[in-house]
1. Please go through (1) touching a helix residue (DSSP H, G or I) at 6+ places or on another chain (Cβ under 7 Å); (2) within 29 Å of Asn309 (Cα to Cα); (3) free of Cβ contacts under 8 Å to residues at least 24 places away in the same chain for Leu523 and return the number of the only condition it doesn't satisfy.
2. What's the number of the only condition in (1) surrounded by fewer than 16 Cβ atoms within 10 Å (Cβ to Cβ); (2) at pLDDT 95 or above; (3) part of a helix (DSSP H, G or I) that Glu71 fails to meet?
3. Just for strands (runs of 3 or more DSSP E) wholly inside segment 183-249: which have at least 1 residues that are open to solvent by 20 Å² or more (accessible area, probe 1.4 Å) and either among the hydroxyl-bearing types (Ser, Thr, Tyr) or more than 20 Å from Thr49 (Cβ to Cβ) (or both)?
4. Tally the residues that are modelled with pLDDT under 95 and more than 18 Å from Leu174 (Cβ to Cβ), restricting the search to segment 453-468.
5. Considering only segment 220-227, I want to know if a residue exists there that is in contact with a Pro (Cβ under 8 Å, 6 or more places away or on another chain) and on the phi > 0 side of the Ramachandran plot.
6. Out of Arg54, Arg44, Arg64, report the one residue that is under 30 Å from Glu202 (Cα atoms), modelled with pLDDT under 95 and either open to solvent by 20 Å² or more (accessible area, probe 1.4 Å) or of a type outside the set (Val, Ile, Thr) (or both).
7. From (1) farther than 27 Å from Leu174 by Cβ; (2) without any contact (Cβ under 8 Å) to a residue 24 or more places away in the chain, pick out the condition that doesn't hold for Leu494.
Amino acid sequence: MKTTTTASTHTEPWDVIIIGGGATGAGTARDCARRGLKTLMLERHDIATGATGRNHGLLHSGSRYAVTDRESAEECIKENMILKKIARHCVEKTDGLFLTLPEDDLSYQSKFIESCQAAGINVQAIDPKEALLREPSANPTIIGAVLVPDGTVDPFRLTLSNILDAKEHGAEILTYHEVLGLIKEQNRIIGVKIYDHVNKEEKDIYGNIIVNASGIWGQKIAEYADLKIKMFPAKGSLLIFGHRVNQMVLNRCRKPADADILVPGDTICLIGTTSTHVPFEEVDQMYVNPEEVDILLREGEKLSPSLVNTRILRGYAGVRPLVASDDDPSGRNVSRGIVLLDHEIRDGLEGFITITGGKLMTYRLMAEWATDLICKKLNNTTRCTTAEVNLPGSRLTKEEVNKKIISVPSSIRESAIYRMGDKAENLSCNTDIENSLVCECEEVSAGEVEYAFKELHVNNLIDLRRRTRVGMGTCQGELCACRAAGLMNQYSNLPANKCKESLSVFLNERWKGIRPIAWGDTLRESEFTSWIYEGVCGLNLSEEQLKNTKK
């Protein structure tokens, strides 16, 4: 659907409508709401379903970009320090090592250290023997090591915390609302045409400023306004392993290449990424292929040889929201810098801006830039506070939250605080049922599932996975999904057949990630599980359900 020209009939438009529910969209909603703007955020699926939820969760120190992109490196280290303060329940301060292998050029290490120091990143060359003491899983043949302030960040928690803060300040969040077109009046965008996937209806919504924060899909949103933003879709694939092989982030100390980052996170670790330019038409259908699995395993083993004997849980792929700038076939040399487009200046079209490029690490800064421009257009002089005020979940210390829910069993209490921070005090957990475990792998209680369904924009079991990690552990949902479906029927008031359908879709989605690494015992286990669910439980998807799943 293209831009619609219409007479203005709306009476109370939103100050700002943000298209996109990734970290940048959520961060922009938070910033706008905190500055007193009447804010609406739209997302066609669930939150963090694009590039935000399909990266390696690395809390960049900026070191990786220091040699080739100093501006991005400086932005990363500044935002790294801010997130460690305002989002501490989403962040793990692991530190990281840049390792030089015998096949790498050791002279690159000096250039790397010099570039990091120039960008303001505190790095330190250490003896390889000391590096192995700090991280025993690292390749014992390393000939060089540099200590960097890397860490890990959970993108789902981070995005949700921004949304919770936005809602606390009056923002409205609508997931499963897809933008079908932009409404234009003369030379100004005044609203959006949307489709509500939950209630199956189309609506027109009006706003003073429309923000295109749709990542790689921003190209399509811009086309609704007959504008051109040439994105550079660069596919990146990753593999998740069944437990944490490493406790520190491990990087190869060389020019960025395939599979040179091994990141620990929650109960797992993951190796990534690859980088392949893909046609824009394919960005909604990203799957890991056998060649990428081979690359990730071959190069990952060089960082940490123990990966060879570690069970692979699944593979997944995402698309980096890069803006095309040259003929680089892989996209590795395209800048990770932030791109803010004021379409009034660039294209003569008022009321419409685009924020894209950047990285998960710089989402808050991207949101600040976008909100500064929005406020300028709306004559709002309220300053940004998102770098100073802690996010929901990080307002109390772990010890303070622990005292508030001391009656909750210790195993459930610790894991809930780890995932939810101070929001864990909202868990009821007063009955045996509420304290019972739904997901043994991730120690998710029925009380946490209840809270997610009632308070955290959960519409189905896949949304629940992003909020609680149900089904993200070793069993990949084989044991916990049925229990979660039962609780979904109880807490969401959906009929049993809809919950059963959600369970089928959830298991099918899990299979998509397992399929690229399904051989040997993994394949046999998947076949056996499929036989139980389909043959005994009757969880076959209909043709229509399969079609909807592919969409």
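1. The one condition Leu523 does not meet is (1).
2. Here Glu71 meets the rest and fails (2).
3. By residue number, 188-196, 201-212.
4. 0
5. no
6. Matching residue, one of Arg54, Arg44, Arg64: Arg54.
7. Result: Leu494 passes all but (1).
Table: residues versus (1) of a type in the set (S, T, N, Q); (2) within 17 Å of the chain's Cα centre (by Cα).
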residue	(1), (2)
Asp204	no, no
Ile209	no, no
Ser214	yes, yes
Ala222	no, no
Asp226	no, no
Ile229	no, no
Gly236	no, yes
His243	no, no
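The values are calculated or read from the model by the stated rules, or taken from the named source; none is laboratory data. What you are looking at is a predicted structure, and each value in this text was computed from that prediction instead of being measured. Counting neighbours? That spans all protein chains shown, and the Cβs are built from the backbone with ideal geometry, glycine included. For the accessible areas, the whole protein counts, side chains as well, though only heavy atoms, and no ligand, DNA or RNA atoms are used. Shrake-Rupley method; radii C 1.70, N 1.55, O 1.52, S 1.80 Å.
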